[in-house]
Amino acid sequence: MKCRVIGMWGGFPKENGPCSGYLIQQDEFNVLIDCGSGVLTNVQKYVDLNNINHVLLSHYHYDHFSDIGAYLFSRLVNTKIGKTDEALHVYGPDDEEMKHRVEEIEYCEFSSIDKNSELHIGPFRFTFMRNSHPIETYSIKIESGHKKIVYTSDTSYTSKLIEFAADADLLITESSLYDGMDGSASGHMTSSETGRLAYQSKAKKVILTHLPHYGELEELLASALNEGNHAIELAHPGMLIEL
């Protein structure tokens, strides 16, 4: 199982730096987790859009889903010109507007997820945990064989994350805020909270994502490492993790 970081900036993209998007691959099977601004352009560096037929959206904030509209149109065009014959399957929290937005485009299908959902897509098993965030948002666990990736998406700290991420081979965790800030209202974690999650969950490898556009990112990393798990890195576009 492989994870390619397509983008990891919070809120809005940087030049050549997309918002949230993670390409999960195994045996030439591809699933895209989140599709924020800039993801659609940059994922094509690694795989043809027609070879990704499943996109999971953790929630409907623009930095996590704004490129999905262009993806739907690409599937419509590429089907009509004979470059693909499989529907684009989009999964996300139950929402009539999103369902309509997806299914009004030919060759595109929508399926809702909640905390009790279990999806089997290709070689992967997906399960979900409801987050603490202003809108309905889910952490996502991806399992294949004996390997496990956990993606927190956006959330303020909760002890439930420790069990959900326990013994993850790869923990992709948001780290939106610096120490001393309060993420309880905005639904985000500080770097020390992220580090505590990494340590208490005993994650084998950790990457910090949903990074802020201000401050010194090395300070985020240092405070996370200070909590005791030393297998932590800052995410960057194009980063590849092989499990």
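Using a 1.4 Å probe on the protein heavy atoms, what percent of the accessible area of region 54-181 belongs to carbon and sulfur?
47
Using only Cα atoms, what is the ratio of the radius of gyration of the chain to 2.2 N^0.38 Å?
0.95
Lysines near Lys2 by alpha-carbon distance under 22 Å, same-chain residues fewer than 8 away left out - which ones?
Lys45, Lys141, Lys147, Lys148, Lys202, Lys204, Lys205
With +1 on each Lys and Arg Cβ and -1 on each Asp and Glu Cβ, and nothing else charged, work out how big the dipole of region 1-116 is about its Cα centre, in Debye to the nearest 20.
Roughly 460 debye for region 1-116.
Using the Cα atoms of region 146-213, I'd like the radius of gyration and the largest Cα-Cα distance, Dmax, both in angstrom.
11.1, 38
Take each of the peptides 105-113, 177-185, average the number of other beta-carbon atoms within 10 Å over its residues, and list them starting from the highest.
105-113, 177-185
Taking only the Cα atoms of region 67-147, how large is their convex hull per residue, in Å³?
Value for region 67-147: 111 Å³ per residue.
Taking one equal scatterer on every alpha-carbon of region 3-94, how large is log10 of I(q)/I(0) by Debye at q = 0.10, 0.24 1/Å?
The computed values of log10 I(q)/I(0) come out as -0.22, -1.24.
For a bin width of 5 Å, list the pair-distance distribution of region 193-243 built from all Cα-Cα distances, rounded to whole %.
Bins of 5 Å from zero give 5, 21, 31, 22, 16, 5, 0 percent of pairs.
Quick check: the distance between the Cα centres of region 109-130 and region 1-69, to the nearest angstrom?
Between the Cα centres of region 109-130 and region 1-69 lies a distance of 17 Å.
Starting from a Cα-only point model with no solvent, please compute log10 I(q)/I(0) by Debye for region 128-243 at q = 0.13, 0.15, 0.22 1/Å.
Debye intensities relative to I(0), on a log10 scale: -0.42, -0.57, -1.27.
Quick check for you: with a 1.4 Å probe and neighbouring chains kept, what is the accessible area per residue of the chain, in Å²?
Each residue of the chain exposes 43 Å² on average to a 1.4 Å probe.
What does DSSP give for the chain in terms of the percent of beta bridges that are antiparallel, rounded to the nearest 5?
Taking every DSSP beta bridge within the chain, about 55 percent pair in antiparallel fashion.
With only Lys, Arg, Asp and Glu charged, each at its Cβ (+1 for the first two, -1 for the last two), find how big the charge dipole of region 161-243 is about the Cα centre; round to the nearest 20 debye.
My answer is approximately 180 debye.
Report the label-to-label distance for Ile81 and Ile135 in nanometres (one decimal), using points 7 Å from each Cα along the Cα→Cβ vector.
Going by the 7 Å Cα→Cβ label model, 3.1 nm.
Sort 27-38, 66-77 by packing, meaning the average of other beta carbons within 10 Å per residue, with the highest value first.
By packing density, highest mean first, the sequence is 27-38, 66-77.
Region 1-60: which trypsin sites (Lys or Arg not before Pro) are DSSP loop and have at most 12 other beta-carbon atoms within 10 angstrom?
Of the trypsin sites (Lys or Arg not before Pro), the ones in loops of region 1-60 whose Cβ has at most 12 other Cβ atoms within 10 Å are Lys45.
The values are calculated or read from the model by the stated rules, or taken from the named source; none is laboratory data. Predicted model, so just to flag it, every value in this text is computed and none were measured. Note: ideal-geometry Cβ built from the backbone for every residue, glycine included; neighbour counts use all protein chains shown. Calculation scope for accessible area: heavy atoms of the full protein, side chains included, ligands and nucleic acids excluded. Shrake-Rupley method; radii C 1.70, N 1.55, O 1.52, S 1.80 Å.
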